[in-house]
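Participant: Below: one structure in structure tokens.
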Amino acid sequence: MDSVAPGRDDHKGGTTSSSPTDQGARKPVTVRDFLAMKRAGERIAVLTCYDFLFAELLSGSAIDAVLVGDSLGQVVLGYRTTIPVSVDEMIHHTAAVRRGLAGPLLIVDMPFLSYQVSDQDALRNAGRLVKESGAEAVKLEGGDPWALSRIRSIVGAGIPVMGHLGLTPQSVHRLGGYRVTGRERDEADLLLEQAVNLQEAGCFSLVLEMVPAGLAGRISRALDVPTIGIGAGSACDGQVLVLPDMLGLNPSFQPRFLRQFAELGAAARDGIADYAASVKDGTYPSEGESYPDAD
């Protein structure tokens, strides 16, 4: 799979922009690097991404992995949950990210009903996601025996798998909403058991979502593979956030675990207002922003 983004026309002069590799991107991160970072005690930084332009920005950063999550259903496509997202939609957005991304490991979510039906169906869809999008690994939710069977089948075909425990958004209706998972003793013991089983099934890492911090620490210490937390405290081996959320582009979403590292939403609203005002009062475009007539 080609990790070099093709050049594109520059709107200002018709020149071709450089690819992420031309800009001095670091050596590509692999699943083996994830394991090495866990052993070395090095924290792993992960962000979601859904498009080419943000992928280019992430290529020049210290981010270790990019997840094209099925959260795109809510963040990009406007669905109420992740459940309506299709395999084709995941491929479409992941391929866009692939064209702009160089350096971080690229992981794609397997959406609802792309792996639940059978091992064969799961392998077929995982193969499509990797082959058609350029992703290097897939992520799927759950730790029940049927999920372990799916993971063994996919890993056996040579496709790396990231697991996902705790709040599993594709099961939101069964869970009764988006809630912290693992506060009760029986539930906590089950999550720890499932985490160990996911490692044994071949997962190279696990996402722990909305899990009590103490339990997330217990799970992280029990595993040889890294845990990536979201709403799971600081004892995880790494963290993941949804890129638009942490950049302040989604002000209506304010969970306890979210820290906004920028306020791009406010900046965008200000810019849009200034543009509209400049068009309406005739100050844009200026003479310097217009092309002169020929002599």
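Participant: Give me the number: length gained by fully extending Asp144 to Val196, i.e. 0.36 nm times residue separation minus the C-alpha to C-alpha distance, one decimal in nm.
Facilitator: 17.5 nm is the gain from fully extending Asp144 to Val196.
Participant: In degrees from 0 to 90, rounded to the nearest 10, what is the angle of the helix 185-201 Cα long axis to the longest principal axis of the chain?
Facilitator: With both axes taken from Cα atoms, the answer is about 80 degrees.
Participant: I would also like to ask the following. What number, in nm² with one decimal, is the all-direction average of the projected area of the convex hull of the alpha-carbon atoms of region 214-282?
Facilitator: If you wrap the Cα atoms of region 214-282 in a convex hull and average its projections, you get 5.6 nm².
Participant: GNM, the chain, Cα, under 10 Å: largest mean-square fluctuation among Ser153, Ser59, Ser278?
Facilitator: Looking only at Ser153, Ser59, Ser278, the biggest GNM fluctuation is shown by Ser278.
Participant: Could you tell me which GluC sites (Glu not before Pro) in region 190-219 are loop residues by DSSP with no more than 15 other beta carbons within 10 angstrom of their beta carbon?
Facilitator: none
Participant: Please find, in a Gaussian network model of the chain (springs between Cα atoms separated by less than 10 Å), the residue of Ala268, Ala232, Ala137 whose mean-square fluctuation is greatest.
Facilitator: Sorting by GNM fluctuation, first place goes to Ala268.
Participant: Next question. What is the angle, in °, between the Cα long axis of helix 31-40 and the longest principal axis of the Cα atoms in the chain? Nearest 10 is fine, range 0 to 90.
Facilitator: 70 degrees
Participant: Percent antiparallel among DSSP beta bridges with both residues in the chain, to the nearest 5?
Facilitator: 5 percent
Participant: So, one more: Please give the helix 264-280 orientation as an angle from the longest Cα principal axis of the chain, in degrees from 0 to 90, rounded to the nearest 10.
Facilitator: The two axes meet at around 20 degrees.
Participant: Helix-only estimate, please: 222 nm mean residue ellipticity of the chain, summing -39500 (n - 2.57) across DSSP H runs of length 4 or more and dividing by its residues, to the nearest 500.
Facilitator: Dividing the helical sum by the residues of the chain leaves -11500 deg cm²/dmol.
Participant: May I ask you to give the solvent-accessible area per residue for the chain, in square angstrom, as obtained with a 1.4 angstrom probe?
Facilitator: Per residue, the chain has 51 Å² of solvent-accessible surface.
Participant: Report, as a whole number in µm² per second, the diffusion coefficient that Stokes-Einstein gives for region 156-249 at 25 °C and 0.890 mPa s using the Kirkwood radius over alpha carbon pairs.
Facilitator: Answer, rounded: 180 µm²/s.
Participant: Classify region 54-182 as rounded, prolate or oblate from the Cα gyration tensor: take a ≥ b ≥ c as the square roots of its eigenvalues, call it rounded if a/c is under 1.5, otherwise prolate when a/b beats b/c and oblate if not.
Facilitator: Oblate, because a/c is 1.5 or more while a/b does not exceed b/c.
Participant: Ignoring ligands, DNA and RNA, what percent of the 1.4 Å accessible area of the chain is carbon and sulfur?
Facilitator: Ligands and nucleic acids excluded, carbon and sulfur reach 53 percent.
Participant: At a 1.4 Å probe radius, which order do Leu192, Leu165 fall into by accessible area, largest first?
Facilitator: The most accessible residue leads, giving Leu192, Leu165.
Participant: Using a Debye calculation, one point per C-alpha and no hydration shell, please list log10 I(q)/I(0) for the chain at q = 0.10, 0.16 Å⁻¹ in order.
Facilitator: -0.57, -1.34
Participant: Students often forget the sequence filter, so: which aspartates and glutamates lie under 16 Å Cα-Cα from Lys131 once same-chain residues fewer than 8 apart are removed?
Facilitator: Straight-line reach from Lys131, under 16 Å: Asp2, Asp88, Glu89, Asp109, Asp121.
The values are calculated or read from the model by the stated rules, or taken from the named source; none is laboratory data. For clarity, every value in this text was computed on a predicted model and none was experimentally measured. Cβ atoms come from the backbone with ideal geometry, glycine included; neighbour counts cover every protein chain shown. The area values use the complete protein model at the heavy-atom level, side chains included, leaving out ligands, DNA and RNA. Shrake-Rupley method; radii C 1.70, N 1.55, O 1.52, S 1.80 Å.
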